[in-house]
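A quick write-up on the structure given underneath.
The values are calculated or read from the model by the stated rules, or taken from the named source; none is laboratory data. It should be emphasised that the depicted structure is a prediction, and the values quoted were computed from it without experimental measurement. Positions of Cβ are backbone-derived with ideal geometry, glycine not excepted, and every protein chain shown enters the neighbour counts. In case anyone asks, the SASA skips ligands and DNA or RNA and just uses the protein heavy atoms, side chains included. Shrake-Rupley method; radii C 1.70, N 1.55, O 1.52, S 1.80 Å.
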Amino acid sequence: MDSKTKKLALIGAAIVVVGAGVTMALQAFNENLVFFFSPTQVAAKEAPEGRTFRLGGVVEPGSVERQKDGVTVTFKITDTAQSVPVLYKGILPDLFSEGQGVVAQGKLDSAGLFTASEVLAKHDENYMPPEAAKALEDAHKAGVAKKAAEEAAKQNVKS
């Protein structure tokens, strides 16, 4: 084997090793990537089943139920347009309560139940995660527009 062939073989091997490293790094990054979805997006089937993502909104008043084991809690997260049932086993944050902003990380099953592995509550009177605040604002705007359209339709029927 002459020196030119050895150089080409070494360069080819280096390219294969670097390519394999980049592929493994991108695959690890993709597996750890966590997206945010609102309850409206979950209801519209935009959220992936069986894959970890974050669900944000407000804890629906009257929906919190604590099981007798002391660590299992079920509740609903709402964006005022849609609600998603959540199951969580663990100790909830001190600031967790009905009507408060929350972001839960977990997986959605085929029945529509979100099993949370982590629950984060807002930390003061004025804070809500930006994604949750935007989801609530979008749902509110959609609800206002829908009500206005319904009122206009009622007025047209009366005329």
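Looking only at residues that are surrounded by fewer than 21 Cβ atoms within 10 Å (Cβ to Cβ) and in contact with a strand residue (DSSP E or B) (Cβ under 7 Å, 6 or more places away or on another chain) in region 54-66, which one is farthest from F96 (Cα to Cα)?
By that ranking, first place goes to R54.
Output yes when any residue across region 46-65 is in a helix (DSSP H, G or I) and either touching a residue at least 60 places away in the same chain (Cβ under 8 Å) or over 23 Å from E118 (Cα atoms) (or both), and no when none is.
So far as region 46-65 goes, no, none of its residues is in a helix (DSSP H, G or I) and either touching a residue at least 60 places away in the same chain (Cβ under 8 Å) or over 23 Å from E118 (Cα atoms) (or both).
Residues of region 1-60 being modelled with pLDDT of 85 or more, of a type in the set (V, I, T) and either closer than 25 Å to A121 by Cα or touching a Phe, Trp or Tyr at 6+ places or on another chain (Cβ under 6 Å) (or both), which ones?
Selection gives T40, V42, T52, V58, V59.
Inside region 78-114, can you point out the residues that are among the small types (G, A, S), open to solvent by 20 Å² or more (accessible area, probe 1.4 Å) and within 19 Å of F37 (Cα to Cα)?
Passing the criteria: A81, S83, G99, S110, A111, G112.
For region 75-100, name all the residues that are closer than 13 Å to E65 by Cβ and aromatic (F, W, Y).
Listed by number, the residues that qualify are F75, Y88.
Scan region 68-77 and give yes if some residue there is part of a loop (DSSP other than H, G, I, E, B), open to solvent by less than 60 Å² (accessible area, probe 1.4 Å), modelled with pLDDT under 90 and over 27 Å from A142 (Cα atoms), otherwise no.
Checked against the condition, which is being part of a loop (DSSP other than H, G, I, E, B), open to solvent by less than 60 Å² (accessible area, probe 1.4 Å), modelled with pLDDT under 90 and over 27 Å from A142 (Cα atoms), region 68-77 yields no hits at all.
Please go through region 78-115 and give me each residue that is assigned to a loop (DSSP other than H, G, I, E, B) and among the charged types (D, E, K, R), ordered by number.
D79, D94, E98, D109
Can you tell me which residues in region 87-118 are closer than 12 Å to V58 by Cα and in contact with a Gly (Cβ under 8 Å, 6 or more places away or on another chain)?
Across region 87-118, the qualifying residues are E98, G101, V102, V103, A104.
Can you tell me which residue in region 19-45 is surrounded by the fewest Cβ atoms within 10 Å (Cβ to Cβ), limited to those that are aliphatic (A, V, I, L, M) and under 15 Å from L113 (Cα atoms)?
Across region 19-45, the extreme among qualifying residues is A44.
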